[in-house]
């Protein structure tokens, strides 16, 4: 994945608006858009200003971008926070898909734990998945 794509992912994940970030970095919103879309490159100084601006708008966003860039796994804390942010930003269709995924995960976890204890229940009637 290219740097521009990772930068876009970090901005989107942290809800950073392009106009605000461009103003903080001293570039035009159009220049930022072209960078995010891979049409233009930015100088190291502008990239630094963008990363600093990201972190001012949403603390932790620069670190997240760097983790993506380094391909580091995210910590459990980051994963939980990201999950909450995704749920809060989801539309009705995405919420439905998330709830179905949660139901499937819960059902699988319950089945595994009941198989270990020898205790079994009919979970299909509890969750329609």
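The values are calculated or read from the model by the stated rules, or taken from the named source; none is laboratory data. This structure is a prediction, so every number in the text was calculated from the model and none was measured. Glycine gets a Cβ as well: all are built from the backbone with ideal geometry, and neighbour counts include every protein chain shown.
Some points to look at:
- Residue 16 more than 27 Å from residue 81 (Cα to Cα) and modelled with pLDDT of 90 or more: no
- Residue within the stretch 72-94 that is touching a helix residue (DSSP H, G or I) at 6+ places or on another chain (Cβ under 6 Å), surrounded by 11 or more Cβ atoms within 10 Å (Cβ to Cβ) and modelled with pLDDT of 75 or more present: no
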